[in-house]
1. Relative contact order of the chain, please, whole-number percent, based on alpha carbon pairs below 8 angstrom and at least 6 residues apart.
2. Are there any chymotrypsin sites (Phe, Trp or Tyr not before Pro) in the stretch 1-81 that are in a DSSP loop and have at most 15 other Cβ atoms within 10 Å? List them by number.
3. Where only protein heavy atoms count, and the probe is 1.4 Å, what is the accessible area per residue for the stretch 23-180 in Å²?
4. I need the semi-axes of the equivalent ellipsoid of the chain: take the C-alpha gyration tensor, multiply each eigenvalue by 5, square-root it, list largest first in whole angstrom.
5. Where Lys and Arg each count +1 and Asp and Glu each count -1, what net charge lies around residue 121 among other residues with Cβ under 15 Å from its Cβ?
6. Along the stretch 133-150, what does the Karplus equation 6.51 cos²θ - 1.76 cosθ + 1.60 (θ = phi - 60°) give for ³J(HN,Hα), rounded to whole Hz, x for Gly and Pro?
7. Suppose each label sits 7 Å from its Cα in the direction of the beta carbon; what would the residue 152-residue 175 distance come out to in nanometres?
8. Considering only DSSP states other than H, G, I, E and B, which trypsin sites (Lys or Arg not before Pro) in the stretch 86-180 qualify as loop sites with at most 14 other Cβ atoms within 10 Å?
Amino acid sequence: VGDPDRWLGLQVGVISFSTSSSGFWNRGGVDMHLHRRLGGGWALAAGWESALHWGGTDRDSGSSRYVVGSRAFHLAVPGADPLQTVVSLGVGDGRFQSEADFVADRRGVGVFGSAAVRLAPPLTGIAEWTGQDLTLAASMTPFRDHGLAITAGVSDLTGRAGDGARLIFGMSHLMDLRSP
């Protein structure tokens, strides 16, 4: 909602924290992300994960707030077309802190970052450091003009978040609610 090129844009995500075994949507939450595109491929954002939640508890990482800067550019590859790339760097509390600080309930912030590279028109490779662990994933946009993204990967590859490596899966649909 809004216009991130002229003013601000707001993204709202509604997430099910429960799985098929416990019943989708029995536990869930709402994330909010306010962002502004600055030109030259730069963008800034501030967000709040689990700003609202239901089902007795929020996600195991609790509520997290963050600020992040991003830059989109084309990565030159010798003998090939340039690859669309986005890198991000930010700071946040909650799940963005080190695992030790989070478990000890110390209030503070941690540094996080990510890189995404468009490998082929429907496929993007993603690497992310959350402040606690490393995630590698791939995201596919099967329909060019329909805003659907399907992402799968492996999280906690370093084993630093205490749970060990685990498969992750997500689907999202981007709806642009700006007036034509």
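1. Values: 422 pairs, mean separation 21.1, N = 180.
Normalised by residue count, the contact order of the chain is 12 percent.
2. Here the sparse-neighbourhood loop sites are 7, 24, 25.
3. Numbers: 9870 Å² over 158 residues.
Dividing the accessible area of the stretch 23-180 by its residue count gives 62 Å².
4. Largest first, the chain gives 26, 20, 19 Å.
5. Values: positive: 118, 144; negative: 81, 145.
Summing Lys/Arg as +1 and Asp/Glu as -1 gives 0.
6. Once θ is set to phi - 60°, the couplings for the stretch 133-150 become 8, 9, 10, 10, 8, 10, 10, 10, 10, x, 10, 3, 10, 10, x, 8, 10, 10 Hz.
7. Each label point is offset 7 Å from its Cα along the Cβ direction, giving 2.7 nm.
8. Of the trypsin sites (Lys or Arg not before Pro), the ones in loops of the stretch 86-180 whose Cβ has at most 14 other Cβ atoms within 10 Å are 106, 107, 144, 178.
The values are calculated or read from the model by the stated rules, or taken from the named source; none is laboratory data. Keep in mind that what you see is a predicted model, and the values were worked out from it rather than measured. Positions of Cβ are backbone-derived with ideal geometry, glycine not excepted, and every protein chain shown enters the neighbour counts. Note: areas computed on protein heavy atoms with side chains; ligands, DNA, RNA excluded. Shrake-Rupley method; radii C 1.70, N 1.55, O 1.52, S 1.80 Å.
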